[in-house]
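Report on the following structure.
The values are calculated or read from the model by the stated rules, or taken from the named source; none is laboratory data. Keep in mind it's a predicted model, so treat the numbers as computed, not measured. FYI the Cβ positions are ideal-geometry reconstructions off the backbone, even for glycines, and counts take in every protein chain you see.
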Amino acid sequence: MATIQEKISKLFPAATFEQADTLQITIPDAQLQSLARTLRDDADLAFDFLVTIVGMDWKDSLGCIYYLASSTHANTLAIKVSTTDRENPMLHSVSEVWTIAEIFEREVYDFFGIVFIGNKDMRRLFLNIDWVGYPLRKDYDTNPDLNPVSIENERQSDGTDMYLENAEGKIEKKHRLIFEKDDFVVNIGPQHPATHGVLRFRTAVDGETIKKIDVYMGYIHRGVEKLCEDLTYPQTLHFMDRLDYFAAHNYHHGLCLCIEKAAGIEVPRRAQVIRVIMDELSRIASHCLFIGTFCMDLGATTMLFYALRVREQILDIMDKTCGARMTFNYDVIGGVMADLDENFVADVKALLAVLPKNIKEYNKIFTGNVITKNRMEGVGVLSKADAIDYSVTGPSGRASGWACDGRKTHPYSIYSELDFEQVVMEEGDSMARFKCRMKEIEESARIIEQLIDNIPAGDICAKVPKVLKLPVGKWFQMVEGCRGVFAVYLESDGSTKPYRLKIAPPCLPLAAVVDHITSGNKIADLITIGGSLDYIVPDMDR
Amino acid sequence: MEVTTKSMPYEAWKDNEYIEKLVQELQENGTNVIVGTFDKLINWGRSNSIWPLTFATSCCGIEFVSLGAARFDMARFGWEVARASPRQADFMMVAGTIVNRMVPVFRRLYDQLAEPKYVIACGGCAISGGPFRKSYHVAKGIGDIVPVDVFVPGCPPRPEAMIYGIMQLSRKIKVEKFFGGVNRQERNQKFFEDHPMD
């Protein structure tokens with residue numbers, strides 16, 4: 001880390017450094033773009049993966065924290081930029097350096113009202129065009145009369161404002177149309193069985209070929225980040241179940257790790273092992289449901305029944321231990337909520353015994369099928385460079401050849417002790433994304449096999465103070481959800497409630513890449529490509 | 001009159017008073033012998049083939065998928081024909097949170113359902129806003145937006161609870177007046193007059 005600091009302080013004398021759990025560089029806004037470019041392009045630094053942009057309101061100033069990671073090394077880095085102008089906050093955009101920043105910056109604009117100079121799309125992301133106020137600002141007026149629930153269709157604009165800097169350094173406002181004047185735009189969603197939730201695509205087509213897709217989200221934006229600011233730390237955990245409901249255990253695990261890191265709580269070994277087993281079980285269940293719904297999108301309804309059979313078996317195991325089929329609330333700060341069911345080990349072993357047979361069956365029915373091959377092979381190819389540029393992690397990123405498994409790149413809990421392969425494929429098409437998940441089921445089963453006979457005895461939860469207060473500071477934690485890297489950023493002002501809890505879901509980049517990945521494909525392939533990306537809408541909308 | 005469905009014993013049902021009130025209303029109003037017989041026949045058919053609209057916004061929707069799969073198999077009850085178009089569906093299982101941006105879409109879907117139409121509010125979010133009630137961007141229950149027939153609590157409700165909920169709806173359909181009753185669009189007019197929005 002010291003070398004990074006030395007290198008940057010030489011190039012950017014204005015930068016100041018702060019060592020939290022991640023090295024944080026504070027830089028004046030004017031130098032942000034050149035710093036970003038250096039960080040990405042320098043061979044030693046190579047921070048090419050923008051994990052998230054955390055919008056912040058520090059009351060006296062507004063700003064952003066950019067969390068960076070790399071596809072080649074395991075370092076992480078944060079850049080902090082701020083502005084004291086609350087009326088007309090403006091920062092420079094980094095969307096030319098990392099393409100995914102375009103949508104991340106739109107999110108920050110939506111929540112904090114910070115305008116990004118140079119971003120081509122400055123529309124609100126989740127909220128209506130007429131929404132009054134910026135909800136994540138600390139001085140946001142929560143009066144429901146300002147933004148009433150209305151049955152009138154929302155006002156929409158076909159264009160967006162752009163803020164560009166001219167040669168003299170002046171900011172000019174320009175209007176730009178999202179689609180070209182004579183584009184034929186078809187609306188798909190939000191109520192559509194194949195969009196996997198309430199997501200809407202405005203699709204410009206040329207005959208049957210897709211020209212451009214404008215992803216329109218916010219139909220299930222529930223304001224979880226704002227809600228968390230009014231709740232105590234143990235209470236915030238419950239929302240993690242309801243983001244990506246297939247990766248409930250993994251998300252809980254992520255936030256728990258972050259809070260435990262902040263509070264300095266040591267988790268007992270038994271709880272760590274149980275958490276990892278649960279994570280992997282939910283990964284298998286999640287991928288099974290993916291196989292089912294994806295095949296159903298392609299018209300193979302029978303596969304849904306086959307795939308859900310395994311999922312039901314896993315849900316039974318979870319039901320016995322956690323007491324619920326879906327929203328478990330099982331991981332708590334310091335460990336897990338309840339001890340394992342007495343039949344847990346036997347049930348999991350029974351599952352592991354039938355799993356290989358089932359996977360063989362899926363492959364026999366579906367993977368080798370000629371229709372499947374024609375519809376999936378070579379369709380929706382995402383190159384490795386684009387996957388990194390768009391921060392597409394998880395099985396979708398690994399299918400493009402990017403080894404981005406958070407369990408390997410930034411090991412947490414006991415993953416570094418375990419023997420498993422990171423499934424990486426080269427093709428980057430829909431078929432690769434499908435096969436990658438199939439193989440990951442086997443790898444998850446391998447992890448569980450290693451652990452199931454060696455669950456140590458002991459406590460299931462560490463001693464945690466009844467009223468949990470975190471010291472002043474900030475923490476960042478990445479875990480591997482079922483669909484990619486899930487990150488949480490936590491900032492505490494020393495009270496029992498988080499000052500800011502930013503949830504960086506893996507599904508937002510998955511939706512953002514749809515436009516890039518589908519353009520030039522046929523409109524019928526939109527369903528296959530969208531299905532193979534496997535995004536969860538409540539996760540991206542939060 | 002004991003109203004039951006799928007060979008469930010009458011005592012096993014909850015909320016029998018509600019159904020008895022409906023039966024009483026039906027009997028008080030009186031009906032023509034022929035029309036009444038047709039009513040019974042049609043309601044028997046209707047109550048055994050309620051087609052849902054494929055509509056889900058979040059977690060509850062996944063339990064609804066489980067409901068369609070082999071284990072819970074809603075095909076046993078005649079509900080498996082999930083339609084993607086509201087024009088072909090009988091009821092709407094509102095599975096998941098309804099947020100401000102979704103409200104106009106949701107209302108339009110409801111309006112597009114062909115009469116007679118029913119709504120089941122499934123899960124805490126649809127009933128009251130659930131865990132997200134205090135949020136700035138969540139409708140506090142769908143009861144203010146459309147008339148709701150059955151509430152199924154849970155977060156999410158187990159598939160068994162959903163089955164029970166739809167069976168309750170099926171019971172309700174059995175004691176309705178089909179001719180000159182449920183088909184009338186005026187039926188919902190009063191609700192919308194009582195619940196003006198903006």
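Here are A:Met303, A:Met296: which of them is touching a Leu at 6+ places or on another chain (Cβ under 6 Å), within 14 Å of chain B (Cβ to nearest Cβ) and modelled with pLDDT under 90? First the steps, then the outcome.
Details: A:Met303 fails: touching a Leu at 6+ places or on another chain (Cβ under 6 Å).
When all the criteria are applied, what remains is A:Met296.
Residue under question is A:Val379, and the condition is that it be within 21 Å of A:Gly520 (Cβ to Cβ) and in contact with a helix residue (DSSP H, G or I) (Cβ under 6 Å, 6 or more places away or on another chain); does it hold?
Working: within 21 Å of A:Gly520 (Cβ to Cβ): yes; in contact with a helix residue (DSSP H, G or I) (Cβ under 6 Å, 6 or more places away or on another chain): yes.
Spelling it out, A:Val379 is indeed within 21 Å of A:Gly520 (Cβ to Cβ) and in contact with a helix residue (DSSP H, G or I) (Cβ under 6 Å, 6 or more places away or on another chain).
May I ask you to verify whether A:Asn143 is surrounded by fewer than 20 Cβ atoms within 10 Å (Cβ to Cβ) and either in contact with an Asp or Glu (Cβ under 7 Å, 6 or more places away or on another chain) or within 15 Å of A:Leu32 (Cα to Cα) (or both)?
Values: surrounded by fewer than 20 Cβ atoms within 10 Å (Cβ to Cβ): yes; either in contact with an Asp or Glu (Cβ under 7 Å, 6 or more places away or on another chain) or within 15 Å of A:Leu32 (Cα to Cα) (or both): no.
No; evaluated as a whole, the condition is false for this residue.
Quick check on region A:145-171: of everything there that is in contact with a Phe, Trp or Tyr (Cβ under 8 Å, 6 or more places away or on another chain) and in a loop (DSSP other than H, G, I, E, B), which residue is nearest to the other protein chains (Cβ to nearest Cβ)?
Among those that are in contact with a Phe, Trp or Tyr (Cβ under 8 Å, 6 or more places away or on another chain) and in a loop (DSSP other than H, G, I, E, B), it is A:Asn147.
Mind listing whichever residues of region B:115-136 are away from every other protein chain (no Cβ under 14 Å) and crowded, with 22+ Cβ neighbours inside 10 Å?
Selection gives B:Tyr118, B:Val119, B:Ile120, B:Ala121.
Based on what the data block shows, is B:Ile50 touching a residue at least 40 places away in the same chain (Cβ under 8 Å) and touching a Lys or Arg at 6+ places or on another chain (Cβ under 8 Å)? Steps first, please.
Working: touching a residue at least 40 places away in the same chain (Cβ under 8 Å): yes; touching a Lys or Arg at 6+ places or on another chain (Cβ under 8 Å): no.
Considered against the rule, which asks whether it is touching a residue at least 40 places away in the same chain (Cβ under 8 Å) and touching a Lys or Arg at 6+ places or on another chain (Cβ under 8 Å), B:Ile50 comes out as no.
Give the residues of region A:315-330 that are surrounded by 19 or more Cβ atoms within 10 Å (Cβ to Cβ) and assigned to a helix (DSSP H, G or I), sorted by residue number.
Within region A:315-330, A:Leu315, A:Ile317, A:Met318, A:Thr321, A:Cys322 qualify.
Take the residues in region A:189-246 that are assigned to a loop (DSSP other than H, G, I, E, B) and among the polar types (S, T, N, Q), then tell me which one is farthest from the other protein chains (Cβ to nearest Cβ).
A:Thr232
One residue is enough: does region A:462-482 have a residue meeting the conditions assigned to a helix (DSSP H, G or I), among the polar types (S, T, N, Q) and in contact (Cβ under 8 Å) with a residue 60 or more places away in the chain?
No, that holds for no residue.
Tally the residues that are in contact (Cβ under 8 Å) with a residue 24 or more places away in the chain and either farther than 25 Å from B:Leu109 by Cβ or not polar (S, T, N, Q) (or both), restricting the search to region A:142-184.
First, pick out the residues of region A:142-184 that are in contact (Cβ under 8 Å) with a residue 24 or more places away in the chain: A:154-157, A:160-165, A:171, A:176, A:178-180, A:183.
The next check asks that each one be either farther than 25 Å from B:Leu109 by Cβ or not polar (S, T, N, Q) (or both); those that pass are A:154-155, A:160-165, A:171, A:176, A:178-180, A:183.
Qualifying residue count for the region: 14.
Do we have B:Tyr164 as closer than 16 Å to B:Glu63 by Cβ, surrounded by fewer than 24 Cβ atoms within 10 Å (Cβ to Cβ) and out of contact with any Phe, Trp or Tyr (no Cβ under 7 Å at 6 or more places or on another chain) here?
Criteria met by B:Tyr164.
For (1) more than 14 Å from every other protein chain (Cβ to nearest Cβ); (2) in a strand (DSSP E or B), each residue gets a yes or a no:
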{"residue": "A:Lys502", "(1), (2)": "yes, yes"}
{"residue": "A:Leu508", "(1), (2)": "yes, no"}
{"residue": "A:Thr528", "(1), (2)": "yes, no"}
{"residue": "A:Ser532", "(1), (2)": "yes, no"}
{"residue": "A:Asp539", "(1), (2)": "no, no"}
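Answer yes or no: is there a residue in region A:253-269 that is within 11 Å of another protein chain (Cβ to nearest Cβ) and either more than 24 Å from A:Lys463 (Cα to Cα) or crowded, with 24+ Cβ neighbours inside 10 Å (or both).
no
Name the residue, out of A:Asn374, A:Asn358, A:Asn369, that is within 14 Å of chain B (Cβ to nearest Cβ), out of contact with any Gly (no Cβ under 6 Å at 6 or more places or on another chain) and surrounded by fewer than 19 Cβ atoms within 10 Å (Cβ to Cβ).
Result of the check over A:Asn374, A:Asn358, A:Asn369: A:Asn358.
Pairs under 8 Å by beta carbon, first residue free of Cβ contacts under 8 Å to residues at least 60 places away in the same chain in region A:328-350, partner part of a loop (DSSP other than H, G, I, E, B), six or more apart or different chains?
Close Cβ pairs satisfying both conditions: A:Asp347/A:Asp341.
Consider B:Ala139 carefully, then state whether it is at the interface with another protein chain (Cβ under 9 Å from one of its Cβ atoms), touching a helix residue (DSSP H, G or I) at 6+ places or on another chain (Cβ under 9 Å) and closer than 30 Å to A:Leu227 by Cα.
Yes, satisfied.
Just to check your reading of the model, which residue among A:Phe116, A:Phe126 is more than 14 Å from every other protein chain (Cβ to nearest Cβ), within 23 Å of the chain's Cα centre (by Cα), closer than 24 Å to A:Pro506 by Cα and among the aromatic types (Phe, Trp, Tyr)?
Result of the check over A:Phe116, A:Phe126: A:Phe116.
Closer than 30 Å to B:Thr54 by Cβ, more than 12 Å from every other protein chain (Cβ to nearest Cβ), at pLDDT 85 or above and in a loop (DSSP other than H, G, I, E, B): is that true of A:Phe179 in this structure?
So A:Phe179 passes the test.
Output yes when any residue across region A:152-170 is modelled with pLDDT of 85 or more and touching a helix residue (DSSP H, G or I) at 6+ places or on another chain (Cβ under 9 Å), and no when none is.
No, that holds for no residue.
How many residues are farther than 21 Å from A:Asp389 by Cβ and buried (at least 20 other Cβ atoms within 10 Å of the Cβ) when one looks only at region A:116-126?
Result for region A:116-126: 1.
Just to be sure I understand, how many residues within region B:17-65 are more than 18 Å from B:Gly78 (Cβ to Cβ) and either in contact with a Ser or Thr (Cβ under 6 Å, 6 or more places away or on another chain) or hydroxyl-bearing (Ser, Thr, Tyr) (or both)?
Going through region B:17-65 one residue at a time, the tally reaches 5.
Which residue is surrounded by the fewest Cβ atoms within 10 Å (Cβ to Cβ), if the candidates are limited to region B:56-89 and must be more than 18 Å from B:Tyr164 (Cβ to Cβ) and more than 9 Å from chain A (Cβ to nearest Cβ)?
B:Arg87
Exactly one of these conditions fails for B:Gln112: (1) crowded, with 20+ Cβ neighbours inside 10 Å; (2) within 14 Å of chain A (Cβ to nearest Cβ); (3) touching a residue at least 12 places away in the same chain (Cβ under 8 Å). Give me its number.
Exception for B:Gln112: condition (1).
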